[in-house]
Each structure stands twice: as C-alpha cells, then as structure tokens.
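Colleague: Got a structure for you, questions after.
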C-alpha cells in the first residue's frame with residue numbers, strides 16, 4: 001500500500017485556534033465567514049466536527065485561507081490555552097496551579113492541536129476513499145505521551161517557554177503523567193512504534209485495542225520479592241482519550257446456533273455486552289497527519305441492572321451482569337490457570353475482534369454508500385493481526401459476511417483470505433496459542449462451526465497437494481498443519497482416504513479377472529474368509545483420523561492465522577527464516593508466497609530525538625540535518641567520523657550527562673547511590689526464563705565471588721567499576737519468574753552492602 005502525501009491545504013478549516021496575534025492572547029474559535037470574540041469569562045464554543053464533512057462535499061477545492069499550515073501557536077498563546085484549560089476544563093480544585101493540574105491542563109491544550117489535525121486527516125482519507133490499514137493488538141506500550149506529542153508537533157520549545165512563564169519546568173510537568181497501562185512488553189512497544197511510524201509516513205491507518213482499567217499491575221519490590229497491586233493510571237482521568245458514546249457495538253457470548261429460512265444460521269440467546277469506543281489521537285512527526293488508536297471498553301445496558309434483586313438485598317445478583325461485562329477490560333493478561341481465567345482471556349480476544357471488525361465494516365459501508373461492493377473489500381481494507389491474540393478476526397469476519405451481510409461461504413472465505421495478515425512473534429512451538437475446543441464451543445458456538453469449515457478447506461487443500469498414496473506423509477502433514485488438533489477428520493475426507501478411486505492398474509486387473517474361465521473352481525469357505533479379511537483391511541479407516549481420547553481437543557490459533565490470511569511475517573530476518581524453515585515449514589512449502597519478513601525497530605523520534613536531546617544534537621550536527629529522525633539510513637554518515645576525536649569527545653560528554661541523570665533517578669527510586677563513572681550494564685525486559693535474566697544474575701554472582709577471592713589491589717587491577725541494572729515485571733502467576741526477581745533482589749542486597757567491594761560492583765533495579 002503506497003503512502004499518501006498529506007497536504008494540509010486540502011482541508012476546509014473550521015477549527016479551534018490559538019490567537020497569537022492578540023494583545024491579550026486567548027483561545028478562540030474561528031469559523032470561516034464568521035467572527036467571534038469573547039472575554040475571559042464570556043465565550044462561545046462552536047462544534048467543528050459536524051460541519052467538516054459537509055463542507056468537503058460542497059467545496060470542490062480548498063482555499064489557502066483555510067490551510068492548517070497557518071496554525072503555528074507561540075508561547076504566549078500556548079500559555080493562554082493552558083490557563084484556559086486549568087480554569088474551564090478542571091479536574092482539580094481552582095486554588096492552586098500545582099504540577100498535577102499543570103500536566104492535565106497542558107495535555108488538554110496539546111490535545112486541541114491534535115484534534116484539529118486528527119479530524120482533518122480522516123475527512124481527507126474518507127473523501128478520497130483510500131485503502132486503509134487496521135492494526136489489531138491486545139496491547140500497546142505507549143509510554144508517556146506529552147513530550148512525544150509536542151515533539152511531533154514541533155512545539156517543544158514553545159511549550160517549555162509557556163510553562164516557564166506559568167512557573168513550571170516542562171520536564172517536571174511531563175513526569176506527572178502516568179504510563180498508559182495498556183501494554184507490557186515488546187509486543188506492545190512494537191504496536192505503538194508502528195502507529196507512530198504510520199502517522200509519520202502519512203499512511204491511512206487505524207489501531208484497535210482494549211482499554212484496560214487496571215493494566216497488567218503495578219509492581220512493588222519488597223524483601224519478599226515482587227508484589228502486585230492494581231494500576232491506577234485512570235484515577236485522575238486520561239486527558240488524551242475521547243469517549244465516543246455514539247460508537248458502540250453489541251458483542252455476544254454463549255447461546256446457540258439455529259438454522260433459519262433457506263439454511264441461514266442465526267446465533268441467538270446467551271450473554272450480550274456492549275463495546276464502547278475511546279479514541280486516542282496519534283500524531284506523526286513533522287506532518288499534519290494524526291491517526292487514531294481506538295480502544296474498547298465494555299459495559300451492559302442500564303436495564304441489565306436488576307433493581308428488584310438490589311432492593312431485596314441480593315446485591316451480588318443485582319450487578320452480576322455489569323460485573324461480567326466490565327471485568328473483560330479490567331486487566332491485561334488475566335491469570336489463566338483457572339477455567340474462569342481462560343474464559344475471561346477468550347472473551348477479551350473476541351471482544352477486540354468483534355467490536356473492531358463491526359467498526360471497520362461500518363466505516364467501509366459508510367465510505368462506499370450506494371456503491372457498496374463486498375468483492376472489493378480487500379482492496380479497501382487490510383487487517384493486520386499482531387500475534388495470535390486477534391485470530392478470531394478470521395471466523396468473525398466470515399460470520400458477519402455470511403450471517404449478517406448475506407454472502408455465500410465461498411465469497412466470505414475468499415474475501416477473508418485476501419483481507420487478513422498475521423505477524424508471528426515466537427519460534428517456540430509450545431508458545432503458539434492453543435484454545436480448548438470445548439471452551440470455545442461453549443463460548444463461541446457459531447465460530448467453532450466456521451473454524452471446522454476452515455479446517456475442512458485446509459485438509460482438502462493438503463490432500464490435493466500431497467495425494468493419498470503415501471499415507472505416512474499425509475498423516476505427518478495433517479498432524480502439523482491442521483487447525484483442529486486431536487479431532488477426527490471430516491466425514492468427506494475419511495471416505496476419500498478409506499475408499500480411494502480405482503487406479504488404471506486396478507481397472508486393468510479387474511478386467512483380466514473378468515476374462516478368467518468359468519471353469520475355475522468355487523472358492524472354499526477358508527478362502528471366502530481370507531477374502532473378507534482383505535476387503536476389511538482395504539476399507540479399514542487409516543489411523544490418521546483417530547483422535548487420542550486422553551489428550552485434549554484443541555484449536556491451533558497460529559495455524560488458523562496462516563490458513564486464513566494472505567501474509568505471514570516474522571519480525572527479524574533470522575526470525576523469519578526460522579518461521580519458514582522450522583515453525584511453519586509445511587505451510588511454507590505449500591504457500592511460499594505468503595511468507596515475508598518485516599524487521600522490527602523502534603521509532604527514532606521517541607527513543608532518540610525526544611528522550612535523548614543531547615545525543616540528538618550531536619547526530620544532527622555531524623550528519624548535517626535532522627533527516628535521520630525519519631530516515632535512519634542517514635546515520636551511516638557518522639561512519640566517516642568514527643575516528644574523529646571531536647565527535648568522540650562530544651559523544652562521551654553527552655553520555656556522561658545522561659549517566660548522571662540515571663544515577664540521580666536510581667537514588668530517588670531505590671535509595672542506592674551509584675557511581676556515574678562506572679560502566680552501566682542494563683537489562684530491561686519482562687522477566688521470563690527464556691529472556692535470560694537468570695543467566696545474567698548468575699554471571700554477577702560469579703563476578704562477585706571472584707572479587708571476594710582477591711585482595712583490594714587485585715580487584716582494582718582486574719575489574720572495571722560496574723553498575724548492573726535490571727528492570728521488568730514477572731507475571732503475577734509465573735512462579736519461576738517471580739523466584740528470579742527474588743533472587744536478583746537478594747543478590748543486590750548482598751552486593752550493595754559489602755564495603756569490601758564498594759563501587760566496583762553495584763546493583764540497581766526499578767520497580768513500578
């Protein structure tokens with residue numbers, strides 16, 4: 001999909017604006033052909049979103065007067081906007097302008113600018129009806145948004161100056177922002193980096209996720225190791241999100257499937273909830289393009305509250321329906337050791353898929369209007385599944401197309417295979433997601449019917465590819481590739497394998513037997529018995545179709561992703577090669593065209609330009625421009641200066657300043673005092689056995705023991721001072737990972753309090 005050049009002059013502008021020319025700058029609302037003025041306490045608010053689409057239809061071209069490029073606020077207008085929000089959109093008492101209030105007002109001021117670009121972006125994309133990408137992920141590890149947003153808007157200096165006028169420092173204000181508790185690891189960080197890059201490159205895209213009220217958990221490190229409490233990131237509200245109460249969709253669980261007229265299937269009964277949209281604008285860097293992250297929150301209709309039960313004193317019964325709905329979006333990755341935990345996780349995954357696809361389809365229908373054509377749906381929509389969590393997109397899209405839109409199976413299956421793509425994140429076969437068929441049949445009965453049909457299509461494709469002559473080979477292929485694991489083959493396939501068509505050789509032999517003289521003697525009873533046994537052996541069902549009663553029946557989600565989509569990608573070249581040659585080798589042999597590589601990276605905006613301004617200035621100076629921020633290949637320019645002593649000196653000085661900041665941070669958070677001149681050895685990842693934190697800490701133990709065996713002089717001569725820093729969370733139910741956390745903290749307590757070792761070896765950790 002080609003990127004689109006976003007032209008700010010392509011929009012009619014009815015928007016909130018900073019009046020930076022005014023003598024006493026205040027926020028005001030500008031509408032073409034009208035003028036409004038107001039004092040500080042008397043103002044008029046004009047809603048802009050409702051008029052924009054109509055304006056686009058009525059005007060054939062956009063005038064320069066309405067260009068968004070004219071929107072460049074200065075520090076005075078920004079200060080006025082911040083003061084406005086602190087007074088008129090308050091979340092705090094009006095008495096003082098302290099840091100929490102300063103952050104909220106500043107974020108709301110930035111959001112005003114984002115909304116202007118955001119509305120214009122989607123008005124433009126809808127007008128030209130371009131193909132749009134929809135990225136579905138169970139998590140987004142966004143990080144703090146304030147500095148990233150004003151950096152992308154190129155307003156960092158203006159906001160710093162404005163806050164200074166109001167008595168605050170920008171960095172102090174930014175530290176008041178809690179991390180959005182929507183993600184945990186690399187999967188979520190990748191998703192957030194993708195959205196940043198999509199916006200920066202002007203791609204028409206949209207992210208979908210869940211709005212977790214309590215996140216994964218907030219981590220505390222105590223003498224007993226890791227302790228978990230619920231995140232409180234939404235306690236003071238989220239200034240970046242906009243609730244869309246008019247955008248909601250029904251989501252169903254349980255119930256049964258009935259056949260209506262003409263064999264049309266209908267999923268009825270069960271438990272119904274509502275998914276409500278919360279939108280978060282995602283700005284691109286040095287572009288007006290601002291895309292959307294739509295998060296779903298879950299609830300039920302007010303009439304589901306059982307008032308009679310409540311008044312009778314049965315309070316638990318009264319709000320049980322509300323609790324069942326709302327808890328779907330309480331926690332990221334709830335514990336799944338219990339059946340209830342597994343059910344909740346599957347509900348989360350289906351809620352994400354169902355609400356998002358209903359929204360995608362509604363947007364598609366609105367864009368095409370009277371020219372609606374389902375055959376071109378894949379030409380206008382691409383759905384990217386980040387890992388296997390959104391796999392239910394495949395049967396859900398088919399369900400909507402068949403049961404709701406009236407398409408045939410062949411049409412729906414073809415459309416789905418051309419719409420959906422899958423990003424794989426693991427090469428460990430045991431880590432590939434599998435769900436109990438029994439649980440899925442109970443929770444999503446219609447989807448299991450569809451998955452069985454997909455499995456039958458896949459089995460038929462495998463048989464067409466490999467034939468039935470070599471049953472050992474076929475058995476191995478079916479074992480590796482089927483979506484349904486440990487489940488009998490479809491009857492049509494059993495018959496095909498048990499009773500293969502006669503070959504030409506068999507036909508000739510049969511003819512020859514017919515020509516044998518009638519003078520042959522009648523077969524004896526013993527010969528009759530042998531012949532019957534031979535016939536039974538020929539018709540005997542092959543062992544490949546026999547499930548093992550003691551093993552669970554499973555749905556293999558990764559296999560469903562590969563079979564149901566048009567593309568599969570790994571996230572690094574070596575990873576993608578393993579995916580092709582090992583993890584999904586059987587699929588790769590059959591569909592080599594599906595497999596791709598998309599090397600992951602991190603956005604250089606957040607991770608260098610904004611979080612490391614000292615290093616950024618050096619890179620810009622020596623590469624000659626800021627082009628590297630959007631084109632990292634420009635960093636190759638630095639190679640020719642690798643031996644330049646001036647560059648090396650500037651680089652070391654910037655690094656040292658950052659290490660001093662880290663040392664200060666560690667002292668503030670942990671109480672440990674570390675030497676900023678020491679080597680900083682950092683490992684920040686979620687705690688997991690395969691992430692090798694245990695290997696790392698064992699190495700530190702070994703280093704410590706070697707130091708203890710030496711004299712003071714020998715230690716000084718043999719070891720450079722080192723500070724070992726760990727950061728990461730262990731899942732609350734992952735016992736071994738929590739033991740690793742406890743081991744790390746115990747080693748740190750021993751090493752840090754050993755006066756003989758001093759600054760030669762220190763341990764730092766961050767819990768949060």
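No lab work stands behind these numbers, since they all come straight from the coordinates. Quick caveat, the model's predicted, so the values are computed rather than measured. Reconstructed Cβ throughout: ideal geometry from the backbone, glycine too, with neighbour counts over all protein chains shown.
Colleague: When only C-alpha pairs under 8 Å and at least 6 residues apart count, what is the relative contact order of the range 608-766, in percent?
Modeller: On the way: 163 pairs, mean separation 35.3, N = 159.
Contact order relative to length: 22 percent.
Colleague: Going by the alpha-carbon gyration tensor, a ≥ b ≥ c the square roots of its eigenvalues, is the range 703-749 rounded (a/c under 1.5) or, if a/c is not under 1.5, prolate (a/b greater than b/c) versus oblate?
Modeller: Values: a/c = 5.00, a/b = 2.84, b/c = 1.76.
The shape class here is prolate.
Colleague: Still on this structure: Kirkwood hydrodynamic radius for the range 288-425: how many Å is it when counted over pairs of different Cα atoms? Walk me through the intermediate numbers first.
Modeller: On the way: mean 1/r = 0.0571 Å⁻¹.
The answer is 17.5 Å.
Colleague: Would you kindly calculate the translational diffusion coefficient of the range 682-768, applying Stokes-Einstein with the Kirkwood radius from alpha carbon pairs, for 37 °C and a viscosity of 0.692 mPa s, and quote it in µm² s⁻¹ without decimals?
Modeller: Translational diffusion coefficient: 242 µm²/s.
Colleague: If you count, for each residue, the other Cβ atoms within 10 Å and average over each peptide, how do 354-366, 135-147, 715-727 line up from highest to lowest? Please report the intermediate quantities before stating the final value.
Modeller: Numbers: 354-366: 19.7, 135-147: 23.4, 715-727: 16.8.
Most protected by this proxy first, the peptides run 135-147, 354-366, 715-727.
Colleague: Can I ask one more? Starting from the Cα-Cα distance between residue 439 and residue 631, subtract it from 0.36 nm times their residue separation and give me the gain in nm to one decimal. Working shown, then result.
Modeller: Numbers: separation 192, 0.36 × 192 = 69.12 nm, distance 4.75 nm.
Working it through step by step, the gained length comes to 64.4 nm.
Colleague: Could you compute Rg(Cα) / (2.2 N^0.38 Å) for the range 340-407, with N its residue count?
Modeller: Working: Rg = 13.3 Å, N = 68, 2.2 N^0.38 = 10.9 Å.
Relative to the rule-of-thumb radius for its length, the range 340-407 sits at 1.22.
Colleague: Also, quick follow-up: How much length would be gained if the chain were fully extended between residue 711 and residue 754, taking 0.36 nm per residue of separation minus their Cα-Cα distance, in nm to one decimal?
Modeller: Details: separation 43, 0.36 × 43 = 15.48 nm, distance 1.42 nm.
This chain segment gains 14.1 nm when fully extended.
Colleague: As a footprinting exposure proxy, order 622, 206 by other Cβ within 10 Å, with the fewest listed first.
Modeller: If I rank by nearby Cβ atoms, fewest first, I get 622, 206.
Colleague: Based on the inverse mean of 1/r over its pairs of different Cα atoms, what is the Kirkwood hydrodynamic radius of the range 74-115, in Å?
Modeller: Working: mean 1/r = 0.0982 Å⁻¹.
One over the average 1/r among Cα pairs gives 10.2 Å for the range 74-115.
Colleague: Could you state the orientation-averaged shadow area of the convex hull built on the Cα atoms of the range 627-689, in nm² to one decimal?
Modeller: Working: hull surface 28.7 nm².
Mean projected area of the Cα convex hull: 7.2 nm².
Colleague: Additional query: State the Cα centre-to-centre distance between the range 236-251 and the range 364-397 in whole Å.
Modeller: 22
Colleague: Let me ask another. Pull out a ≥ b ≥ c, the square roots of the eigenvalues of the alpha-carbon gyration tensor of the range 92-139, then state rounded if a/c is under 1.5, prolate if not and a/b is larger than b/c, and oblate in the remaining case. Can you show the working numbers first?
Modeller: On the way: a/c = 5.92, a/b = 2.22, b/c = 2.66.
Note, shape of the range 92-139 comes out oblate.
Colleague: Kirkwood Rh over alpha-carbon pairs of the range 146-268, then Stokes-Einstein at 4 °C and 1.567 mPa s: what D in µm² s⁻¹, rounded to an integer? Working shown, then result.
Modeller: Values: Rh = 19.2 Å.
Answer, rounded: 68 µm²/s.
Colleague: Further, regarding this structure: The range 553-695: percent of C-alpha pairs farther apart than 18 Å? Display every interim value, and only then the final one.
Modeller: Working: 7427 of 10153 pairs.
Considering the range 553-695, 73 percent of its Cα-Cα pairs are separated by more than 18 Å.
Colleague: A follow-up question, please. Å³ per residue of the Cα convex hull, for the range 410-457?
Modeller: 113
Colleague: Quick one, can you get me the convex hull of the C-alpha atoms of the range 352-480 expressed as volume per residue in Å³? Walk me through the numbers on the way to the answer.
Modeller: Details: hull volume 17.0 nm³, N = 129.
Per residue, the Cα convex hull of the range 352-480 comes to 132 Å³.
Colleague: Ok, one more. Going by a ≥ b ≥ c, the root eigenvalues of the Cα gyration tensor, does the range 237-335 fall in the rounded group (a/c under 1.5), the prolate group (a/b larger than b/c) or the oblate group?
Modeller: Numbers: a/c = 2.70, a/b = 1.40, b/c = 1.92.
Verdict is oblate for the range 237-335.
Colleague: Sort out for me the Cα centre separation of the range 447-464 from the range 75-140, rounded to whole Å.
Modeller: Comparing the Cα centres of the range 447-464 and the range 75-140, I get a distance of 47 Å.
Colleague: Would you please give the FRET efficiency between residue 326 and residue 234, computed as 1/(1 + (r/R0)^6) with r the Cβ-Cβ distance and R0 = 22 Å, to the nearest 0.05?
Modeller: Numbers: r = 13 Å, r/R0 = 0.59.
After rounding, the FRET efficiency stands at 0.95.
Colleague: Also: Please work out the Cα convex hull volume for the range 608-766 and give it in Å³ per residue. Intermediate results must be reported in sequence, preceding the final value.
Modeller: Details: hull volume 23.8 nm³, N = 159.
With only Cα atoms used, the range 608-766 gives 150 Å³ per residue.
Colleague: Work out, step by step, the length gained on full extension between residue 602 and residue 72: first 0.36 nm times the residue separation, then minus their alpha carbon distance; give nm to one decimal.
Modeller: 187.9 nm
Colleague: Give the peptides 298-306, 473-481, 702-710 in descending order of average Cβ contacts within 10 Å, highest first. All intermediate terms of the calculation are to be shown ahead of the outcome.
Modeller: On the way: 298-306: 15.2, 473-481: 16.8, 702-710: 13.1.
Packing proxy ranking, top to bottom: 473-481, 298-306, 702-710.
Colleague: Report, to two decimal places, the Cα Rg of the range 388-427 normalised by 2.2 N^0.38 Å (N = number of residues).
Modeller: Details: Rg = 11.6 Å, N = 40, 2.2 N^0.38 = 8.9 Å.
Taking the Cα Rg and dividing by 2.2 N^0.38 Å, one obtains 1.29.
Colleague: When a footprinting reagent is the concern and you count Cβ atoms within 10 Å, what order do 418, 606 take, fewest first?
Modeller: Details: 418 16, 606 23.
With the fewest neighbours first, 418, 606 line up as 418, 606.
Colleague: Just want the ordering: 762, 317, from fewest to most Cβ atoms lying within 10 Å of their own Cβ. Walk me through the numbers on the way to the answer.
Modeller: Working: 762 23, 317 13.
By the 10 Å Cβ count, ascending, the order reads 317, 762.
Colleague: Show me the three semi-axes of the equivalent ellipsoid for the range 181-225, from the C-alpha gyration tensor (sqrt of 5 times each eigenvalue), largest first, rounded to whole Å. Before the final figure, lay out the partial values.
Modeller: On the way: eigenvalues 186, 29, 8 Å².
Over the Cα atoms of the range 181-225, the ellipsoid semi-axes are 30, 12, 6 Å.
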